[in-house]
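Comments concern the structure below.
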Amino acid sequence: MSYQHQYVDGTRIHYPLGKVVCIGRNYAEHAKELNNPVPTEPLLFIKPGSCVVPLEGGFKIPTERGSVHYEAEIAVLLGKSLSTRPSKEEVLDAISGYAPALDLTLRDLQAKLKEKGLPWELAKSFDGACVLAPFVASSTFPDTTNIGIRLTINGEVRQDGNSELMLNPIVPMIQHMAAQFSLQAGDVILTGTPAGVGPLNPGDEMVLELPGASRFESRVL
Ligand code: ZN
């Protein structure tokens, strides 16, 4: 299934999809639920653009590879390049939009990789591992430290977080990422998942939303 960045009104966003830069354990309650220590510095990993699929219309999961967990996250779309040490103003100016996303994770495999101290790509980069909804414009959220994210599965709220709970808030997080490697227009930042992660199953009906700004219904095919 091909993916193209777009706004909620259907307007296509003309930057090509780039990489998806992710942060792990960015909410203390989520680190705790998986018995992970809270990292002393941001734990970053990258999903390739090839793993991104649109949320709308439903998506598939590779159940034959073990437990597939959902992680609902606030996705930030960049519309400008950032490198070296961008200022807060430069980061804010580079943000084009926000959307809810799912960072899908092969949890059994990730646990094995973690145990061996190996990289997480096999658990995080499979085709379909990043499910993205259309974006709302960045002006929707003048305060980046107060953006909600909520996931409801089969009528039950499973995750309900807010960027105010992030250990690394959005702007300093992106400053830190850009200090490690260049970020480009079309790249997406996944800002970490709040508590409440769990397995997905075919047939699950879900509502993924940035409360008050955008709301999407989808399902696991
Ligand atoms: Zn995640």
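The values are calculated or read from the model by the stated rules, or taken from the named source; none is laboratory data. The shown structure was predicted, so the numbers you read here are calculated from the model rather than taken from an experiment. Ideal geometry is used to build each Cβ from the backbone, glycine not excepted, and the neighbour counts take in all protein chains shown. For the accessible areas, the whole protein counts, side chains as well, though only heavy atoms, and no ligand, DNA or RNA atoms are used. Shrake-Rupley method; radii C 1.70, N 1.55, O 1.52, S 1.80 Å.
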Can you work out the FRET efficiency for the pair residue 40 and residue 154, with r the C-beta to C-beta distance and R0 = 35 Å, to the nearest 0.05?
-> 0.40
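With an 8 Å cut-off on Cα pairs and a minimum separation of 6 or more residues, tell me the relative contact order of the stretch 30-117 in percent.
Details: 70 pairs, mean separation 25.5, N = 88.
Relative contact order here is 29 percent.
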Rg/Rh for the stretch 115-221: what does it come to with C-alpha atoms and Rh from Kirkwood?
-> 0.97
Which lysines have a Cα lying under 20 Å from the Cα of residue 19, excluding residues fewer than 8 positions away in the same chain?
-> 47, 80, 124
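At a 10 angstrom cut-off on C-beta neighbours, averaged per residue, how do the peptides 123-135, 176-188, 105-117 rank from highest to lowest?
Ranking the peptides 123-135, 176-188, 105-117 by packing returns 123-135, 176-188, 105-117.
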Could you give the spread of the C-alpha atoms of the stretch 132-184 along their three principal axes, from largest to smallest, in whole angstroms?
-> 41, 24, 21
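What 222 nm value per residue comes from the helices of the chain, counting each DSSP H run with n ≥ 4 as -39,500 (n - 2.57) and dividing by all residues, nearest 500 deg cm²/dmol?
Dividing the helical sum by the residues of the chain leaves -4500 deg cm²/dmol.
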Using alpha carbon centroids, what distance separates the stretch 127-176 and the stretch 1-64, in Å?
-> 10 Å
Taking amide H positions as placed in the peptide plane 1.01 Å from N, state which residues far from residue 18 in sequence (5 or more) or on other chains have amide H under 5 Å from it.
-> 187, 188
Mean Cβ neighbour count within 10 Å, used as a protection proxy, ranking 162-172, 93-103, 18-28 highest first | 93-103, 18-28, 162-172
Hull-based mean projected area of the stretch 20-219, where the convex hull spans the alpha carbons, in square nanometres = 10.1 nm²
Of 96, 178, 212, whose Cα points farthest to the positive end of the dipole of the stretch 20-219 (charges on the beta-carbon: +1 Lys, Arg; -1 Asp, Glu; origin at the Cα centre)?
-> 178
Could you give me the ³J(HN,Hα) list for the stretch 142-157, computed from phi with Karplus coefficients 6.51, -1.76, 1.60 and θ = phi - 60°, whole Hz, x at Gly and Pro?
-> x, 10, 6, 9, 8, 10, x, 9, 9, 10, 10, 10, 6, x, 10, 5
With a sphere of radius 11 Å drawn around the Cβ of residue 124, what net charge do the other residues whose Cβ falls strictly inside it have (Lys, Arg +1; Asp, Glu -1)?
-> -1
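Give me the net charge of residue 57's neighbourhood, meaning all other residues with Cβ under 12 Å from the Cβ of residue 57; Lys, Arg count +1, Asp, Glu -1. Please report the intermediate quantities before stating the final value.
Working: positive: 60, 219; negative: 56, 217.
Counting the neighbours of residue 57, the net charge comes to 0.
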Whenever you get a sec, compute what percent of the accessible area on the stretch 20-219 sits on carbon and sulfur atoms (1.4 Å probe).
-> 48 percent
Gain on full stretching of the segment that runs from residue 213 to residue 32 - 0.36 nm per residue minus C-alpha separation | 62.3 nm
Neighbourhood net charge (14 Å Cβ-Cβ; Lys/Arg +1, Asp/Glu -1) for residue 161 = -4
